[in-house]
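First up is the structure itself, then whatever we jot down about it.
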């Protein structure tokens, strides 16, 4: 078994291009995704038209500031403001007309016109909430009968880097796991050495297990690099649970992915076929398991399907460990599910690929 | 350039693609991505699993619970559990939000009464949105007369539908990733199998070879423009307000850009797996980040704002969102400028690919 492991490591490290890609995926790729993908609106471009009293309007405008908003741009009239929105240079336009200022000064309900580019619907909605809150705070004398104390647990500042880098890491593990493990088998099939492997006086199941283990170990090394350098190093992600639980679930998940890859390898004859099948299986796996958007927001049918996805349990367990700080006992169902999926897939894959006749 | 040489090469490519069933995947993958992402990416927040702990049992607290129950945003359960138990439910992901109404809440009104709200912050966008909903709801719940009322007019996506926001943006992602990887693979496959030596030794010019390799992915994906358009307008009901000709023409140019990227990838890689992984990695992230799906480009910070203008996807998606939701077409000079930039990109990438491709073993 150690001979097979050694051989697979050699094959992997000899392919310098592949090593570089894998390293890139586990470092830069996660870094870029964590830093770049911002889902909560920041730096919203804003423009305004002022037809009323400068002093009052400037006072309101001074409340629109970074990080939520860019410096507001003054437009001469409503027409030029609209044009900027149509060319998508500006996302939010506020029109302070005379009536608004007069009503505000005389204490009547003043209606403020807000023009908003709602192409990105969710962001537009949150931006409207920002504006509303700014206007509420602008009125100091406003007294609410009770204060509302909102606490966002686990990630109080809604830091998207933590969430995004973990999501990207899990997507990368899925992608690389599927490709690397399936290719290990199919390369031998393509070269015709697979039958020879099975003819050797070693059990077929042992060969399969060793081959998958070799790639799982490479993945685990990649995960260590990614978590150490990027997740903890660059982004300072807090971990509320135990890191060993994360390693355990990653290890089990890699095997479950290995099971899927084994099935892919069993039905495909060439590497090209592997590539296609991987894409067809990987995309739904990643996007419908709740990596990027919460499962509870999806349709019930997809929620049901996701019970068969090993990624679902991995994502939930990882978020539980990093953010919610769950302990070993709470995570037990996830470990069990990953293990069960891995065993079933190994059996199916073995039936198809592990025997000569 | 000799047409009969190109014709012969083309014939071989088409037979090859159809014979190894690539053709199915060429049409399956883009449709699959569009449908999966279209249905899968949900940015609006509904059905937040909410637990309300009512320790007050007054008329006011019931009113607040009612307010929560009567929106699509919250799925409310009123439970009589301790704060600790509720927190454990958050920790094990059995609830998304807890609202705690303290005892003697209605008595303490105007004397420092406080409602506690705890939101699971693991999904940042969801947490921020829920926070906003809760504030809005509670302020309206207290019937406060606000001095300023916001009258918002939504442009382009009036009903704030998630589909309108996401589906057009996916075009830029799909037509960047899929043609690029196909073009890269059909060239690198020759390298891996060894048939590239036919090209090295035959009296065929580089430009002829490149044209013969560009045309199959280009033609196959041209049909995909129409297929995806139909999915977007019929399945997802995205309005189409612009000029179809502009939409089609821009998409064809954009596919050329993508194929150009694929040729460049094929030059630096020598195995099909490496070509696939490289072309996916260098196209997916920019295609997603700068597509405008998640964030309009105008609202990015300085760094990403500049980066976005390096990648062709931002120009393409600007025009695509325009043709779907806005409908200014070439009346807006900005769209014309972006179209010209795309043409330059296509020309430069393909010229570069033709120059750099090798016709001998190094």
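The figures follow:
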{"item": "Matching residues, the stretch A:12-29, being at the interface with chain B (Cβ under 9 Å from one of its Cβ atoms) and not in a helix (DSSP H, G or I)", "result": "A:15"}
{"item": "Extreme residue, surrounded by the fewest Cβ atoms within 10 Å (Cβ to Cβ), among residues of the stretch B:283-313 that are more than 8 Å from every other protein chain (Cβ to nearest Cβ) and in contact (Cβ under 8 Å) with a residue 40 or more places away in the chain", "result": "B:284"}
{"item": "Residues (under 21 Å from residue A:282 (Cβ atoms), at the interface with another protein chain (Cβ under 9 Å from one of its Cβ atoms) and in a helix (DSSP H, G or I)) located in the stretch A:295-346", "result": "A:302, A:316, A:319"}
{"item": "Qualifying residue in the stretch A:266-280 (condition: over 30 Å from residue B:270 (Cβ atoms) and either in a helix (DSSP H, G or I) or in the same structural domain as residue A:210 (by TED's automatic domain parsing) (or both))", "result": "no"}
{"item": "The stretch B:29-81, residues that are closer than 30 Å to residue A:289 by Cα, within 13 Å of chain A (Cβ to nearest Cβ) and in a loop (DSSP other than H, G, I, E, B)", "result": "B:41, B:42, B:43, B:44, B:45, B:46, B:47, B:72, B:73"}
{"item": "Selection from the stretch A:12-31 of residues that are touching a helix residue (DSSP H, G or I) at 6+ places or on another chain (Cβ under 9 Å) and free of Cβ contacts under 8 Å to residues at least 24 places away in the same chain", "result": "A:13, A:15, A:17, A:18, A:19, A:21, A:24, A:28"}
{"item": "Test for residue A:105: is it surrounded by fewer than 16 Cβ atoms within 10 Å (Cβ to Cβ) and either in contact with a helix residue (DSSP H, G or I) (Cβ under 6 Å, 6 or more places away or on another chain) or within 30 Å of residue B:321 (Cα to Cα) (or both)", "result": "no"}
{"item": "Subset tally (residues that are more than 8 Å from chain A (Cβ to nearest Cβ) and either part of a strand (DSSP E or B) or in contact with a helix residue (DSSP H, G or I) (Cβ under 8 Å, 6 or more places away or on another chain) (or both)) for the stretch B:150-169", "result": "5"}
{"item": "Sole exception among (1) within 21 Å of the chain's Cα centre (by Cα); (2) farther than 30 Å from residue B:95 by Cβ; (3) modelled with pLDDT under 80 for residue A:299, by number", "result": "(2)"}
{"item": "Candidates B:84, B:89, B:111, B:94 - the one that is without any contact (Cβ under 8 Å) to a residue 40 or more places away in the chain, more than 7 Å from chain A (Cβ to nearest Cβ) and assigned to a loop (DSSP other than H, G, I, E, B)", "result": "B:111"}
{"item": "Residue ID - modelled with the lowest pLDDT, chosen from residues in the stretch B:137-149 that are more than 7 Å from chain A (Cβ to nearest Cβ) and in contact with a helix residue (DSSP H, G or I) (Cβ under 7 Å, 6 or more places away or on another chain)", "result": "B:141"}
{"item": "Flag for residue B:324 being within 10 Å of another protein chain (Cβ to nearest Cβ), over 15 Å from residue B:175 (Cα atoms), in a helix (DSSP H, G or I) and in contact (Cβ under 8 Å) with a residue 60 or more places away in the chain", "result": "yes"}
{"item": "Test result for residue A:120, crowded, with 23+ Cβ neighbours inside 10 Å, at pLDDT below 80 and at the interface with another protein chain (Cβ under 8 Å from one of its Cβ atoms)", "result": "yes"}
{"item": "Enumeration of residues in the stretch A:123-137 that are closer than 17 Å to residue A:58 by Cβ and more than 7 Å from every other protein chain (Cβ to nearest Cβ)", "result": "A:134, A:137"}
{"item": "Failed criterion for residue A:53 (all others in (1) more than 11 Å from every other protein chain (Cβ to nearest Cβ); (2) touching a helix residue (DSSP H, G or I) at 6+ places or on another chain (Cβ under 7 Å); (3) surrounded by 14 or more Cβ atoms within 10 Å (Cβ to Cβ); (4) modelled with pLDDT of 80 or more hold)", "result": "(4)"}
{"item": "Positions within the stretch B:345-357 being closer than 26 Å to residue A:87 by Cβ and surrounded by fewer than 13 Cβ atoms within 10 Å (Cβ to Cβ), in sequence order", "result": "B:348"}
{"item": "Per-region count, the stretch B:13-22, residues in a helix (DSSP H, G or I) and surrounded by fewer than 14 Cβ atoms within 10 Å (Cβ to Cβ)", "result": "3"}
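Yes/no per residue for (1) under 39 Å from the mean Cα position of the chain (by Cα); (2) under 19 Å from residue B:131 (Cβ atoms):
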| position | (1), (2) |
| --- | --- |
| B:59 | no, no |
| B:67 | yes, yes |
| B:73 | yes, yes |
| B:78 | yes, no |
| B:81 | no, no |
| B:92 | yes, no |
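The values are calculated or read from the model by the stated rules, or taken from the named source; none is laboratory data. These numbers come from a predicted model, not from an experiment. FYI the Cβ positions are ideal-geometry reconstructions off the backbone, even for glycines, and counts take in every protein chain you see.
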